[in-house]
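Note sheet for the following structure.
The values are calculated or read from the model by the stated rules, or taken from the named source; none is laboratory data. It should be emphasised that the depicted structure is a prediction, and the values quoted were computed from it without experimental measurement. Cβ coordinates were reconstructed from backbone atoms using ideal geometry, including for glycine residues, and neighbour counts include every protein chain displayed. All accessible areas refer to the heavy atoms of the entire protein, side chains included, with ligands and DNA or RNA removed. Shrake-Rupley method; radii C 1.70, N 1.55, O 1.52, S 1.80 Å.
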Amino acid sequence: MLDAMTRAEIWLQDTLGMPLGIDDLASHLGYSPSQVRRQFGHHFGSSPGVYRDRRRLERAAVLLALGTKNIAQIGMACGYQNHSAFSRAFQRLYGKTPRSYRRAVRQTLNRGQLSSQMTLSIEQKSSHYAVMRRLYEAPHILWQPGNPGMHTQDLKGLDRRYGDAALSIALPDLLSRHISACNEAGSSQRMDIGLCLAPQNEATGLPLPVPYRRIYIATQPYAIIRLQNISQLDAAVHCLVRHLLSHPVPFHISGKAPWVLWLEDCLELRIPLGH
C-alpha cells in the first residue's frame, strides 16, 4: 500500500491548482475514498485534503517570495478561486497576510553575502523524459546523490537504454525550505532520484520497476548555476534567488521542483521558470 500512497502524494503535488477532491484521488488509485483516507493518514500523518492544503500554501509562499505574479494570481495558481479564502488560509498557517509575508521574506533574502564564484544563466532546455523514484528523507539527510547505484537501484539490466542519461535529482521542497516556508520543522524532505534521459530517448514501451515512474518534462526556460559538488547547493540557490530578485528578467520562478543533474564536467542546478 505504500507505493499506492506514494502515488497519491505525487498526484496531490501535481494537481495543486486543480479543483479535485478525495473521490478523484480514489478513482486515480483504484481504491475507495475511505481506504485512501485511512492509509494516507497512516503514512503521512494527515488527511489528503489537509496535506494538499499545506502544500498549496507552501507553493504560494514560494511564489510570493520569489515570483512576480500578483497575490490574486498566485492564489488562483495554487487552487484558491476566492482571494479572501486564500488570504485567510495563508495567514492561519504563516501568521502574516500574503502581502506582508512577501515583503518580509524578500527583505531577509536580500541580506547576506553572495559567492563571487557562481554565475547564473537563463537557458531554454528541450523537452525530455526522466525516470525517477520518490523518496522521503529527513531534511538534514541529502545523502550523497551522484552515486550511480543509488540512481539506478532496481534498474539493473536496463542500463543499456540509459547510456546517454544524466544522474539527477528533483527536489520539490528545496525552494520552500530555502525561504523557511515548510511549516513543520523536522518533516521529511521529498526527493525524486533517477535519470534524466537525452531528448531523443523517450523510453517508450520500457517496463519500469514499481518504484519508478516516467516523467515528461516540457520545453521551458531554467535559471542555471553550475557547481563543482553538491555541498554548494544551498549557496547556489541563494545566489540564484538573489540574482532573479535584483535583475528583472522576462521570466518568473514557476514553483516547479528544481533539478540537479550530474553532467560530465560539473553539477547543474536548474530552477524552472515560467513566462
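Quick notes on this structure:
- Within the range 131-152, tally of residues that are at pLDDT below 80 and open to solvent by less than 20 Å² (accessible area, probe 1.4 Å): 1
- Near pairs, Cβ below 7 angstrom, 6+ apart or cross-chain, from the range 17-44 (under 20 Å from Leu57 (Cα atoms)) to any residue that is polar (S, T, N, Q): Phe40/Ser47; Gly41/Ser47
- Of all residues in the range 5-27, those being assigned to a helix (DSSP H, G or I) and surrounded by fewer than 16 Cβ atoms within 10 Å (Cβ to Cβ) number 4.
- Scope the range 1-35; condition of a type in the set (Val, Ile, Thr), modelled with pLDDT of 95 or more and touching a Pro at 6+ places or on another chain (Cβ under 7 Å); matching residues: none
- In the range 38-91, the qualifying residues are those that are outside any helix (DSSP H, G or I) and of a type in the set (S, T, N, Q), and the one that is nearest to Leu174 (Cα to Cα) is Thr68.
- The range 255-269 residues that are among the basic types (Lys, Arg), paired with ones that are outside any loop (DSSP other than H, G, I, E, B) (beta carbon under 6 Å, 6 or more apart): Lys256/Pro272
- Hits in the range 206-228 - residues which are open to solvent by 60 Å² or more (accessible area, probe 1.4 Å) and within 23 Å of Gln124 (Cα to Cα): Arg214, Tyr216, Thr219, Arg226, Gln228
- Test set (1) closer than 22 Å to Ala65 by Cβ; (2) surrounded by fewer than 19 Cβ atoms within 10 Å (Cβ to Cβ) - Val237 fails condition number: (2)
- Checked across the range 242-256, the condition of being under 23 Å from Met76 (Cα atoms) and among the polar types (S, T, N, Q) holds for at least one residue.
- Residues in the range 50-71 that are open to solvent by 30 Å² or more (accessible area, probe 1.4 Å) and either among the polar types (S, T, N, Q) or touching a residue at least 12 places away in the same chain (Cβ under 8 Å) (or both): 7 in all.
- Being outside any loop (DSSP other than H, G, I, E, B), more than 19 Å from the chain's Cα centre (by Cα) and at pLDDT below 90 is a condition met by no residue of the range 170-190.
- Complete set of residues in the range 246-274 that are in a loop (DSSP other than H, G, I, E, B) and either surrounded by fewer than 16 Cβ atoms within 10 Å (Cβ to Cβ) or not small (Gly, Ala, Ser) (or both): His247, Pro248, Val249, Pro250, Phe251, Lys256, Pro258, Leu263, Glu264, Asp265, Cys266
- Qualifying residue in the range 99-116 (condition: over 30 Å from Asn229 (Cβ atoms) and surrounded by 17 or more Cβ atoms within 10 Å (Cβ to Cβ)): yes
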